[in-house]
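Structure record follows, encoded as structure tokens.
Any read-out appearing in this document is the output of simple, stated calculations on the displayed coordinates, not a laboratory observation. This structure is a prediction, so every number in the text was calculated from the model and none was measured. Here the Cβ positions follow ideal geometry from the backbone for every residue, glycine too, while neighbour counts run over all protein chains shown.
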Amino acid sequence: MSTAVDFDDYLKSLGRLTSHVDPTAATPEAERIVEATGRLGGLLDTDITGLAAWVRDNPNDVPVLGLAVGLSQEKLKNALRDRFDTSGWHGLARTQPVELVTWLDAEFDLVRMLRTQMERTYTFADILVARAGTRATATRAGASGRRIEDEIEDIARDLGLDYTTRSRFAGRNGRTAPADLIVGDPNSADIVVAAKGFDSTGSKLTDAVREIEEMAEVRLPTQLVLAVIDGIGWKSRQSDLRRIHQLWATRQIDGMYTLVTLDRFRADVAEFARLRRLI
């Protein structure tokens, strides 16, 4: 297995998981919103009747009404499921357009919000305020974490290993711990891997450390415990990163990797799998 490298060397190997996004760049989603608002602006009457006809004719554009009242697509889905027992706005727009718009107006003041915003002239300051409140950063953060999970899953699949993702494995004295990748039966796992990638900081990094510490506490001597850690968020939480590195240095876990050292991760997993006759 890999020998623990110096902490500072590991720190230098951390990279950004999410690329910078130009907020002025055109995207397919932005173009759809522009087209939808253009059609919305062409309404003769921005009232319940007019909006009901609009959503019936433009069912794909219901999320634009959600954005107008401050609902992200995820929040819109959750609200629809709570009210209509379905998150599918397409079907609701076609079959219950009046009920859909009436509910949006009653719950979120849709008609007034639309009239106010469509008649207003916006300044650069308004644009920056809107960007400050966006949840796009949170979405990208989730994607960055999944990137590492996807990479290690691809390696396990390519090696022909039987694996489970995002579950718990059993260790000593019947105790269990979480893992992002489990090779073998979770009740008698052979290899367990933590995948923790963050470009932003916060308590979630400390939570990630606790999970890896729990893995180290629960593990059996016959189990291989690895951690793939990356993202520039860790550079702001070096004390947390040191706790994981110390687990590696004291052999409480068997390996610690970044995306740039996944070739070493693959080699270590393959070596252990051959020794255990998993491949």
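Brief remarks follow.
- Take 166-177, 32-43 and order them by the average number of nearby Cβ atoms within 10 Å per residue, most first; the result is 166-177, 32-43.
- Net charge contributed by nearby residues that have their C-beta within less than 12 Å of Phe108 (K/R +1, D/E -1): 0
- Neighbours of Ile48, meaning other residues whose beta-carbon lies under 11 angstrom from its beta-carbon, give a summed charge of -4 when Lys and Arg score +1 and Asp and Glu score -1.
- Likely footprinting exposure, Trp103, Trp54, fewest C-beta neighbours within 10 Å first: Trp103, Trp54
- Gyration tensor (alpha-carbon) shape descriptor, region 46-200, a/c threshold 1.5: prolate
- For a straight C-alpha distance cut-off of 24 angstrom, the lysines reachable from Lys235 (same-chain residues fewer than eight places away being disregarded) are Lys12, Lys196, Lys204.
- When you count the other C-beta atoms within 10 angstrom of each residue and take the mean per peptide, 224-236, 113-125 line up highest first as 224-236, 113-125.
- A Cβ-based charge dipole, computed about the Cα centre of region 43-134 with Lys and Arg at +1 and Asp and Glu at -1, lands at about 220 debye.
- Separation of region 28-72 from region 225-276 is 48 Å, based on Cα centroids.
- Nonlocal amide H pairs with Leu220, under 5 Å, H built at 1.01 Å: Arg172
- DSSP-defined beta bridges in the chain - what % are antiparallel, rounded to 5: 50
- 20 Å Cα-Cα reach of Lys75 towards aspartates and glutamates, excluding residues that sit fewer than 8 places from it in its own chain: Glu29, Asp61, Asp85, Glu99, Asp105, Glu107, Asp109
- Cα gyration tensor shape for the chain, rounded if a/c is under 1.5, else prolate or oblate: prolate
- A helix-only calculation puts the chain at -17000 deg cm²/dmol for mean residue ellipticity at 222 nm, using -39500 (n - 2.57) for each DSSP H run of at least four residues, averaged over all residues.
- Cα gyration tensor shape for region 43-134, rounded if a/c is under 1.5, else prolate or oblate: oblate
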